[in-house]
Amino acid sequence: MRRTVLILVSTSLTLLMIATLFAMLNQPTTATAEAALPANHPATGPNGVPATAVLSTTTLLDFFQPGTQPNHITDTIDSPESCIGCHAGYSSQVDQPAEYEPWTGWAGSMMAQAGRDPLFYAALDIANADVAFGGDFCLRCHLPRGWLDGRSTPTDGSAMTAVDQEGIQCEVCHRMVDPTYSDENPARDLTVLATITSPVTFAGNASLVIDTADYRRGPFDVVADNGFDPHKPAAGALDTLQSPYHRDAALCGSCHDISNPLLTWDELSQSYVFNDMNQPFTDATALFPVERTYSEWRLSDFNTPQGVALPQFGGNKSTVSTCQDCHMRDVTGVGGAFFGNASSSVVRDDLPLHDLTGANNWVPTIIPQHPAFSATFSTEPYAAERLAALNAGVDRATAMLQNAAELDIELTGTQLVVTITNNSGHKLPTGYIEGRRMWLQVEAYDASGALIYSSGAYDAATGTLTEDAALQLYEARHGISPDLAAQLGLPAGESFHFLLNNEILNDNRIPPRGYSFAAFAAAGAAPYSNGSPDPTRYADGQYWDTTIYTLPAEPDVVIVRLLHQVASREYIEFLRDNSPFLGGPNSNGQILYELWEGNGRSTPTIMAQKAIGLATYLPFVQR
């Protein structure tokens with residue numbers, strides 16, 4: 001009997017210690033930057049909206065999206081630092097790279113930096129200046145924790161906390177609920193969905209359904225092999241639930257299809273026009289398409305049971321299908337430790353690497369220098385680990401770019417044929433279109449080494465791309481129609497005002513395997529030329545593009561590079577020059593511009609390089 005009592009006391013003490021440790025981990029850290037805006041940032045108005053907003057009649061209701069609403073959840077999203085005790089710092093015990101740890105991999109991703117992104121804040125200032133309360137639409141994607149807790153007003157982000165700045169953080173994803181219930185989902189989902197007053201009927205626009213209570217979800221049925229659920233004592237956390245939704249690409253689609261909720265297609269005028277103000281949209285399928293990464297994947301050959309054989313993306317998988325297969329590739333390792341002890345942890349061959357890697361390998365390099373965020377990577381708790389993770393994330397993004405395309409060249413006399421093959425599961429490039437571009441750089445030399453032909457030349461000293469007549473540039477460009485421009489008092493034509501743009505002027509990005517013009521057009525993802533959908537730009541099934549160059553003479557040496565750039569000079573200067581606080585040293589646009597100038601001006605990445613008559617070497621970054 002005495003032995004039983006001792007065991008019970010010991011167990012109680014252990015649980016008390018665990019609960020105490022979790023409580024300590026869940027305490028917010030003392031951050032140098034408690035708000036998202038830099039010190040002395042100009043005031044924008046009582047709701048974060050400049051008094052001179054171009055479209056001043058909009059309200060928060062115009063940006064309403066279905067799903068979980070602000071102040072609806074009862075258990076707030078825990079700080080990601082509460083996950084460090086079990087999900088970081090143990091890899092040396094099991095001989096695996098540190099990036100295999102979920103917290104460490106996530107900490108180096110742009111998902112973790114979504115609430116610290118200097119480019120985002122510069123664009124946010126302009127969104128609020130263009131459309132009253134427009135920033136709310138941006139904050140729900142980039143700082144979902146603060147948005148869910150009602151801190152998106154003011155819409156300039158000034159009410160967001162240091163913990164909110166952790167971006168798309170652990171519990172945001174691990175408390176997500178499939179908006180469409182099926183029997184394979186946890187029964188708890190029915191309870192959550194019953195509380196939703198505006199059901200989610202489409203994937204996109206950060207229309208998330210979040211469990212109101214601290215039930216965490218993941219794809220696996222075993223959390224630890226000792227039968228103990230380590231999440232349960234965490235600040236009142238409840239049982240971890242197995243969720244098939246967390247293997248589903250639709251989870252990623254929640255934020256990676258973006259439509260402008262202000263603009264709906266009008267059949268009469270054959271254009272996108274503003275909805276009636278002060279009321280939410282009614283037809284999600286008719287909204288102006290801003291980004292379509294999820295739809296591009298959904299309509300590709302990757303979205304098939306067999307997937308596509310591209311082992312360079314899948315880690316332990318030779319074929320890839322879902323977003324998670326490429327962007328959370330399978331590795332062999334341990335996903336967690338019991339407060340630093342990995343002895344009872346499950347070794348998996350299908351451990352998802354939480355790197356969430358995309359193509360952005362420039363913005364992470366400037367965040368540690370930002371005046372509001374630098375302390376996170378220098379003096380605050382876990383600063384060294386965060387900085388190391390960030391640098392590793394840059395390398396992974398570079399490696400992702402270098403695996404995303406194949407480059408083939410053929411020279412016959414003076415004719416050079418260059419073919420780019422898209423290996424990604426979406427358009428190449430994809431996602432956020434403003435300033436993001438890919439192009440071919442061609443150089444030809446004669447026997448004396450003299451340059452006889454050049455296309456796609458780039459001046460690193462100024463960040464200027466020479467737009468010669470033969471330039472093959474892959475990008476999407478949006479703009480404002482003459483009718484809408486007259487209504488707004490702005491110039492018509494190409495524009496970076498993404499909340500005001502109502503026209504797609506050009507989109508020649510290379511489609512993925514399985515492309516069909518009709519299907520892509522129906523989803524708002526068609527190629528465009530001269531302001532109209534272009535069924536001739538790519539044939540159905542085409543996932544490559546070929547360019548023919550006529551050289552002035554037969555060359556001795558030809559060098560061809562495929563380059564990708566995260567942010568163009570034109571876009572960075574737009575964010576500086578169109579800031580509502582133009583000229584202010586503490587404006588987000590000015591801060592971004594100075595970071596851009598001081599950090600390589602978003603140096604282009606060589607995705608692929610081929611040569612004729614010369615051996616070339618491309619220093620590929622290994623993942």
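Values in this text are rule-based calculations from the coordinates and carry no lab data. These figures come from a predicted structure and were not determined experimentally. Cβ atoms come from the backbone with ideal geometry, glycine included; neighbour counts cover every protein chain shown.
Details
- Cα-based equivalent ellipsoid, the range 499-574: semi-axes from gyration tensor eigenvalues, Å: 28, 21, 12
- Residues with amide H under 5 Å from that of GLY67, placed H, sequence gap 5 or more: SER198, VAL200
- Within the range 133-194, none of the trypsin sites (Lys or Arg not before Pro) combine a DSSP coil assignment with at most 11 other C-beta atoms in a 10 angstrom radius.
- Qualifying GluC sites (Glu not before Pro) in the range 232-313, where qualification requires a DSSP coil assignment and no more than 16 other C-beta atoms within 10 Å, comprise GLU267.
- Length gained when the stretch VAL94-THR379 is fully extended (0.36 nm per residue, less Cα-Cα span): 99.7 nm
- For the range 368-469, GluC sites (Glu not before Pro) are listed when DSSP marks them as loop and at most 12 other Cβ atoms sit within 10 Å of their Cβ; the list is GLU467.
- Calculated FRET efficiency for the pair ALA518/GLN242, C-beta based, R₀ 41 Å, to 0.05: 0.60
- Extended-chain gain in nm, criterion 0.36 nm per residue less alpha-carbon gap, SER56 and VAL347: 99.2 nm
- Potential extension, ALA457-PHE64 segment - 0.36 nm per residue separation minus Cα distance: 137.0 nm
- By the Cβ distance rule of under 4.7 Å, the chain has these cysteines without a partner: CYS83, CYS86, CYS138, CYS141, CYS170, CYS173, CYS255, CYS326.
- Scattering from the range 456-558 was approximated by placing one identical point on each alpha carbon and applying the Debye formula without solvent; log10 I(q)/I(0) at 0.22 1/Å stands at -1.15.
- Each semi-axis of the equivalent ellipsoid for the range 401-612 is √(5λ) with λ an eigenvalue of the Cα gyration tensor; in descending order they amount to 31, 24, 15 Å.
- Reduced Cα scattering model of the range 331-395, Debye log10 I(q)/I(0), q = 0.13, 0.16, 0.18, 0.20 Å⁻¹: -0.51, -0.71, -0.82, -0.90
- Computed from phi, the 3J(HN,Hα) profile of the range 544-552 under the Karplus parametrisation 6.51, -1.76, 1.60 (θ = phi - 60°) reads 9, 9, 10, 10, 10, 10, 9, 8, x Hz, with x in place of Gly and Pro.
- Mean ellipticity per residue at 222 nm, deg cm²/dmol - from DSSP H runs of n ≥ 4 across the chain, formula -39500 (n - 2.57): -7000 deg cm²/dmol
- Inter-centroid distance (Cα atoms) of the range 312-336 relative to the range 91-150, Å: 22 Å
- Among ILE366, ILE510, the order by Cβ neighbours within 10 angstrom, fewest to most, reads ILE366, ILE510.
- Pairwise FRET efficiency - THR332 versus ALA486, Cβ, R0 = 56 Å, nearest 0.05: 0.40
- For TYR121, TYR90, TYR272, TYR458, the sequence from fewest to most other C-beta atoms within 10 Å is TYR458, TYR272, TYR90, TYR121.
- Average Cα contact separation per residue, the chain, under 8 Å, 6 or more apart, as relative contact order %: 16 percent
- P(r) weight above 28 Å for the range 78-218, C-alpha pairs, percent: 28 percent
- To the nearest ten degrees, helix 2-25 and the longest principal axis of the Cα atoms of the chain are 30 degrees apart.
- Rounded to 10°, Cα long-axis angle of helix 383-403 versus longest principal axis of the chain: 40 degrees
- Order of ASP164, ASP468, ASP221 under a 10 Å beta carbon neighbour criterion, fewest first: ASP221, ASP468, ASP164
- Calculated SAXS-style log₁₀ I(q)/I(0) at q = 0.07, 0.08, 0.09 Å⁻¹ - the chain, Debye, Cα scatterers: -0.45, -0.59, -0.75
- Compared with the dominant Cα axis of the chain, that is its longest principal axis, helix 588-598 is turned about 70°.
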